[in-house]
1. Yes or no: Ile151 at pLDDT 95 or above, within 14 Å of the ligand (Cβ to nearest atom) and either among the β-branched types (Val, Ile, Thr) or not in a strand (DSSP E or B) (or both)?
2. Need the failing condition index for Gly400 against (1) at pLDDT 95 or above; (2) of a type outside the set (Asp, Glu); (3) not in a strand (DSSP E or B), just the number.
3. What number of residues in region 85-125 are within 16 Å of the ligand (Cβ to nearest atom) and of a type in the set (S, T, N, Q)?
4. Considering only region 478-522, how many residues are touching a Gly at 6+ places or on another chain (Cβ under 7 Å), part of a loop (DSSP other than H, G, I, E, B) and of a type in the set (A, V, I, L, M, F, W, C)?
5. Quick check: anything in region 230-239 among the charged types (D, E, K, R), in contact with a helix residue (DSSP H, G or I) (Cβ under 8 Å, 6 or more places away or on another chain) and crowded, with 18+ Cβ neighbours inside 10 Å?
6. Within region 508-522, restricting attention to residues that are in contact with a helix residue (DSSP H, G or I) (Cβ under 9 Å, 6 or more places away or on another chain) and crowded, with 18+ Cβ neighbours inside 10 Å, which residue is farthest from Gly400 (Cα to Cα)?
7. Checking the structure you have, find out if any residue of region 432-450 is touching a Ser or Thr at 6+ places or on another chain (Cβ under 7 Å), in a helix (DSSP H, G or I) and at negative phi.
8. Go through region 200-241 residue by residue and tally those that are in a helix (DSSP H, G or I), hydroxyl-bearing (Ser, Thr, Tyr) and either in contact with a Phe, Trp or Tyr (Cβ under 7 Å, 6 or more places away or on another chain) or away from the ligand (no atom under 16 Å from the Cβ) (or both).
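The values are calculated or read from the model by the stated rules, or taken from the named source; none is laboratory data. Computed from a predicted model, the values in this text were never measured in an experiment. Backbone-built Cβ (ideal geometry, glycine too); neighbour counts: all protein chains shown.
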Amino acid sequence: MPQEVHPAGSLKQHTIWQDGQMPEPCTVVIFGATGDLTQRKLLPTLAHLFHDHPLPEGFSVVAFARRPMNDEQWRGLALDSINKYMPDNDKLDSDAQRAFAQRMYYCQSDFNDREGYQKLADILDKLDREKGTEGNRMYYLATPPTLDSEIIFQLGGAGLARPSGHNGDEESWRRIVIEKPFGRDLASAKKLNREIARVFRENQTYRIDHYMGKETVQNLLAFRFANGIFEPLWNQKYIDHVQIVVAESLGIGSRAEYYEESGAIRDMIQNHIMQVLCLTTMEAPVSFDADSIRDEKVKVMRAIPLLLAEDAAKRTVRGQYTAGVINGQPQVGYKEEKGVSPDSQTETYVALKLFIENWRWADVPFYIRTGKALPKRSTEMTIQFKRVPHMLYKPSETKGLVPNRLTIRIQPDDGISLKFAAKVPGAARHLSDVDMNFSYTEAFGIESPDAYERLIADCMIGDSTLFIRRDEVETSWRVVDSIINAWKNTPESAVHPYKAGSWGPPEADALIQNDGREWDNP
Ligand SMILES: NC(=O)c1ccc[n+]([C@@H]2O[C@H](COP(=O)([O-])OP(=O)(O)OC[C@H]3O[C@@H](n4cnc5c(N)ncnc54)[C@H](OP(=O)(O)O)[C@@H]3O)[C@@H](O)[C@H]2O)c1
């Protein structure tokens, strides 16, 4: 049973445990513990969770990795990363560091070595006996995706996936967290899903998309379903179109190997953007339980028509950055990045026009953009409402006025603003746009939890609402595969160059301008 939070717990910034509960004692096993994700994100997140939120006695972390190390060496390495990557205002003092280090253990093994999993089982059993972790385990695969199947298979073989108990009465839980990318197309995602299902049940499987852990993304549900004024307008009668932009101001850095295989469509659209699109457009779920929300998301994705090859050039634009300047800093072109083939055709930018064919959204275009090396890092969504049916003001009085726009900023500067027309003071009847603004930080005066912290805490407590279900992944790949296939079959939808530091290729401007609309740049 989940336990009550200790009143003495040091809740500094926000509560992370839902309804004042905290999880049962458990061990988090990290596969790929020496990798970038673990060092930069998982270790600082676990340390923060441990220090700032009450965790059950006995909570332990086991690193599973191949480099020869003992517990002490691992603790030293982990503390170095925690010190390096935790934000300055969150740094742990030496007592807290020591206390966290005492919860960490190391299991050295290659992922395909059967004996390593037996060694892991022994460590976990010992922790159950000595620390009271009660057989509860979260396996976090922070590993190259090509190795996921092997680890899952080995966990099954070592009997580590089945919860302990007798005659179907489960006395413990075992959950597996799997990072993106989840497959590279529909066929590989289905294969991976089948491999998981041979070892773990769906309710043990937590496919992570860290966008779902962001407060502003979750706030989309509150905004839509806890306010009476917007939902009646949230349909094709009143909305002209929707824009979603996920812009990054960096190039690919040292991730050429991954990015050459993935490109912008697999890296961003199949997962993060599809999730944001679903939460923005889905029907109200019958309740907040995980399946009700996920059922509604899947219905949205099923209503997106597959892209036909003959529409590829009209509905999509691919781009690749060339050398330029971003915020005063020089940026080399994609083809010059270390590890990128000089004749690479990988897209670092995509613009799309999508439709959702259902009663709510018929004929409303969704314009989607994502790219690297753009002028600014920003994720936001603009809902543009239709113009008034008859404008009483003269064109000279409404010059430059845009229709009502609701902008939901996911990062940075999380918040919501509504643009509307107001009269400029004075005798003339001139109108101008003004903004009504809500900022998360200003309104609540507290920091939002980090997305990984939210998701790890939810997994510990067994709430899979913010994780991606098997059919969601597959339905999303169905749409994305159709776009990739349409590109393969239409040489005229080529990859267009754009200068680093610009908002993308001119062809992307034409995509929206041909419909008499403009991008709303962050
Ligand atoms: N990094 C990010 O910001 C980020 C963001 C979102 C999602 N992800 C996803 O998270 C996962 C991990 O990414 P990453 O960037 O952390 O990768 P990474 O830096 O390449 O780390 C991979 C880890 O796997 C270990 N490993 C590889 N082969 C192994 C083997 N045969 N046996 C034992 N250990 C082995 C490596 O150990 P050695 O150190 O011994 O090589 C290392 O600890 C990937 O699926 C990635 O797509 C990463």
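1. yes
2. Just one mismatch for Gly400, condition (1).
3. Count: 4.
4. Number satisfying all stated conditions: 1.
5. No, there is no match, as no residue in region 230-239 is among the charged types (D, E, K, R), in contact with a helix residue (DSSP H, G or I) (Cβ under 8 Å, 6 or more places away or on another chain) and crowded, with 18+ Cβ neighbours inside 10 Å.
6. So, considering only residues that are in contact with a helix residue (DSSP H, G or I) (Cβ under 9 Å, 6 or more places away or on another chain) and crowded, with 18+ Cβ neighbours inside 10 Å, the one farthest from Gly400 (Cα to Cα) is Leu511.
7. Among the residues of region 432-450, at least one is touching a Ser or Thr at 6+ places or on another chain (Cβ under 7 Å), in a helix (DSSP H, G or I) and at negative phi, which makes the answer yes.
8. 1
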